[in-house]
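No lab work stands behind these numbers, since they all come straight from the coordinates. Remember, predicted model here, so these are calculated numbers, not experimental data. Here Cβ is always computed from backbone atoms with ideal geometry, including for glycine, and neighbour counts include all displayed protein chains.
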């Protein structure tokens, strides 16, 4: 069954507004998605009716809040098909999830001369934590090269693998180009040399069906706000045995079993990694976001987004001066492009004047842009609530802008 | 030569003609960039860039007959247009005039809502750098 676009759009209050006198067309979904009414309601309901600190509260509100909080954890467990909900750790976002692994797994298991492999496609959040760790430990960061289409060179990746490889941290779907990496193959090859694998799922979780058991990744990091949920909340999935082998992340309440001034023992996972009062309201609202996705179905969403992507590529390719950036065979619904002789900032601003929200610049992937010989791109990214008629408006806008310099 | 205030008034009335249509306003700003004088290639270096701008902006200044002569360039057309507006008001004036100049046209044309808050910060950095150059030249003149 296809998407009933008007019905879905009706669930997103923010979409129904004008920007600079034009109806808003929101194509910045890879940066953050909009939130359906159910998520907004879950947030206000929590603060209106259930607000309370969770775990160990001896009263009805604390009990309700704890139940909803842990139900959300279970919903996320099923969403990514983790073995158990204890493998789902709440963080501030993908960036914190990656930093958590760098500072705990990294602190314990990475030693001088060890190697960590990432790819050219990485977001800065999957580069800098590893650079910091490598600098501290005297470890070495290796980079998987890509071809001009924006696909990793798997043969070159295999050459980088050795007994020294301790961790491969790779993006599942590129935020800048949309490339879907062959992560199952990457994970199997990394495991063959005894390395652990972290997947940056910030982009992939909203577009692809995720099965962490089938993928067999050791960690997966993602953010709620790119999945129709609230900002400031993310998840780190980790295999139980790996999480148990790691030292805690931050010290504080919630993460302890027993504290004495002589010695503290730590709580079980996931609490060991969740020091302090968590982001309760947003976790509960995140469940509403996942429920929204499940109601439509990932397959249906993907089919709709794929259709939008191919329609956009077809429409925009006809424009003189347009060139796509990132033409991988497997892509999520991200269309990065440039207009000949025009700076992406200028294109983005002209589109904004038409009510069309896109992102411009290096998309926090400066090494990737350098590899492609570009300062940046214009990025239009499509979501469940976008329509073909919006893409036609984008094509009209880009066409008018391109004519300034491409007569 | 018109006074700083007269030039600013001119700019304000040009933008009033454009009205509320954001697209035409941006087109207009982009076109203004074309009026900048040719920027010397050898000056397109890191030391001449303005910090705090998202896009690259190069700005240099020298003294001509006691006045300050600015040259500027950018890799984006909108930014070029923005600098050309500033230079239209402030180029070839005495250091003292530049330092004292109150650039009320920025607010009067609603620059903040035209270019957004991030670019507005960059625009403020340009003004600051222009004034710093003027101050440096004034110091040299008084030495």
Taking alpha-carbon centroids only, the stretch A:1-17 lies from the stretch A:301-355 a number of Å equal to 22
Inter-chain shielding metric for B:22-32, i.e. average beta-carbon neighbours from other chains within 10 angstrom, reads 4
Expressed in angstrom, Rg and Dmax over the Cα atoms of the stretch A:40-294 are 18.6, 60
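Taking the convex hull of the Cα atoms, report for the protein assembly as shown its projected area averaged over all directions, in nm².
Values: hull surface 124.9 nm².
Mean projected area for the protein assembly as shown: 31.2 nm², to one decimal.
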To the nearest 0.05, the calculated FRET efficiency linking residue A:257 and residue A:209 through their beta-carbon distance, R0 being 60 Å, is 0.95
Within the set B:17, B:83, B:99, GNM on chain B using Cα springs under 10 Å gives the largest fluctuation to B:17
If one compares the long axis through the Cα atoms of helix B:22-32 with the longest principal axis of the Cα atoms of chain B, the angle in degrees, nearest 10, works out at 30
So for R0 = 25 Å, FRET eff. of residue A:148-residue A:188 from the Cβ-Cβ r, to 0.05, ends up at 0.45
Reduced to Cα centres, the span from the stretch A:100-140 to the stretch A:267-295 in Å works out to 26
Of the stretch A:125-148, those with amide N under 14 Å from the point 7 Å along the Cα→Cβ vector of residue A:112 are A:135-140
Expected integer from the mean partner chain Cβ neighbour count at 10 Å over B:70-77 is 3
Mean-square fluctuation maximum in Gaussian network of chain A, Cα pairs under 10 Å, restricted to A:159, A:92, A:272, hits A:159
Output field shielding_mean for A:341-354 (other chain Cβ, 10 Å radius) holds 5
At the level of C-alpha centres, the distance separating the stretch A:25-44 and the stretch B:71-143, in angstrom, is 39
A correct Stokes-Einstein calculation for the stretch B:44-86, using the alpha-carbon Kirkwood radius, 37 °C and 0.692 mPa s, returns a whole-number D in µm² s⁻¹ of 298
Between residue A:392 and residue A:128, Cβ-based FRET efficiency (R0 41 Å, step 0.05) works out to 0.55
Rounded to one decimal in nm, the spacing of the 7 Å Cα→Cβ label points at residue A:70 and residue A:37 is 3.3
Length gained, residue B:99-residue B:64, 0.36 nm per residue minus C-alpha separation, equals 10.9 nm
Each label sits 7 Å from Cα toward the beta-carbon; between residue A:61 and residue A:242 the label points are separated, in nm, by 3.9
Taking Cα pairs closer than 8 Å and at least 6 residues apart, the relative contact order of chain A in percent is 23
To the nearest 10 degrees, the tilt of helix A:388-405 (Cα long axis) against the first principal axis of the alpha carbons of chain A is 60
Mean projected area (nm²) from the convex hull of Cα positions in the stretch B:4-141 is 7.9
GNM on chain A, Cα springs under 10 Å; top mean-square fluctuation among A:324, A:13, A:145 goes to A:13
So, with points 7 Å from each Cα along the Cβ direction, the residue A:162-residue B:14 label distance in nm works out to 6.2
Tilt, helix A:128-137 to longest principal axis of chain A (alpha-carbon atoms), in degrees rounded to tens, equals 40
antiparallel share of DSSP beta bridges within chain A, to nearest 5, in %, is 60
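Which order do the peptides A:348-357, A:297-306, A:16-25, A:379-388 come out in when sorted by mean C-beta neighbours inside 10 angstrom, highest first?
Details: A:348-357: 22.6, A:297-306: 16.4, A:16-25: 14.3, A:379-388: 24.3.
Descending mean neighbour count gives A:379-388, A:348-357, A:297-306, A:16-25.
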Output ordering of A:28-40, A:217-229 (per-residue mean of other Cβ within 10 Å, highest first) is A:217-229, A:28-40
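Over chain B, what is the relative contact order in whole percent, taking alpha-carbon pairs under 8 Å and six or more residues apart?
Values: 168 pairs, mean separation 39.2, N = 143.
Relative contact order, chain B: 27 percent.
What number, rounded to the nearest 500 deg cm²/dmol, is the helix-based mean residue ellipticity at 222 nm of chain A, given -39500 (n - 2.57) per DSSP H run of at least four residues and division by all its residues?
-12500 deg cm²/dmol
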